[in-house]
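Participant: Let me give you the structure first, and then I'll get to my questions.
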Amino acid sequence: MRKTSVEIDDKLIEQVRVLLGTSSIKETIDSALREILRREARRQEIEALVNMDGLELSDENVMASAWRA
């Protein structure tokens with residue numbers, strides 16, 4: 001972890017703090033960065049589902065043994 005100095009828009013930080021339910025600038029920034037990482041992971045998962053990357057749904061052997069109701 002490193003310590004750094006940056007200029008941050010106080011109004012923007014306050015808006016994000018309220019949305020995230022955080023109490024400090026550090027917590028707000030850390031939470032916002034984690035949220036961006038989670039959003040990107042979700043985007044990649046959706047893209048994989050849309051493109052069926054890594055899925056074996058087109059494999060007849062896999063689908064033949066799939067559970068059916």
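The values are calculated or read from the model by the stated rules, or taken from the named source; none is laboratory data. Since we're looking at a predicted model, the values are computed, not measured. Neighbour counts are summed over all protein chains in view; Cβ atoms, including those assigned to glycine, are modelled from backbone coordinates with ideal geometry. In case anyone asks, the SASA skips ligands and DNA or RNA and just uses the protein heavy atoms, side chains included. Shrake-Rupley method; radii C 1.70, N 1.55, O 1.52, S 1.80 Å.
Participant: Relative to the longest principal axis of the C-alpha atoms of the chain, give the angle of the C-alpha long axis of helix 10-20, reported between 0 and 90° and rounded to the nearest 10°.
Facilitator: That works out to roughly 40 degrees.
Participant: For the chain, with the dipole built from +1 on Lys and Arg beta-carbon atoms and -1 on Asp and Glu ones, taken about the Cα centre, which of N51, A41, N61 lies farthest toward the positive end?
Facilitator: Towards the positive end, the residue furthest out is A41.
Participant: Next question, about the same structure. Give the accessible area for I25 in Å² (nearest 10); use a 1.4 Å probe, count only protein heavy atoms, and leave out ligands, DNA and RNA.
Facilitator: Around 100 Å² of this residue is reachable by solvent.
Participant: To continue, here is another question. Report the extension gain between L19 and L37 in nm, rounded to one decimal, defined as 0.36 nm multiplied by the number of residues separating them, less their alpha carbon distance.
Facilitator: Length difference between fully extended and current span is 4.8 nm.
Participant: How much of the accessible area of the chain, probe 1.4 Å, is carbon plus sulfur, in whole percent?
Facilitator: 56 percent
Participant: Right, next: Hey, got the dipole for the chain? About the Cα centre, +1 on K and R Cβ, -1 on D and E Cβ, debye to the nearest 20?
Facilitator: 360 debye
Participant: Can you tell which of E56, E40, E14 shows the greatest fluctuation in a Gaussian network model of the chain with Cα springs below 10 Å?
Facilitator: Its mean-square fluctuation being the largest, the pick is E56.
Participant: Cα-based Rg (one decimal) and Dmax (whole number) for the chain, in Å?
Facilitator: Cα only, the chain: 20.6, 59 Å (Rg, Dmax).
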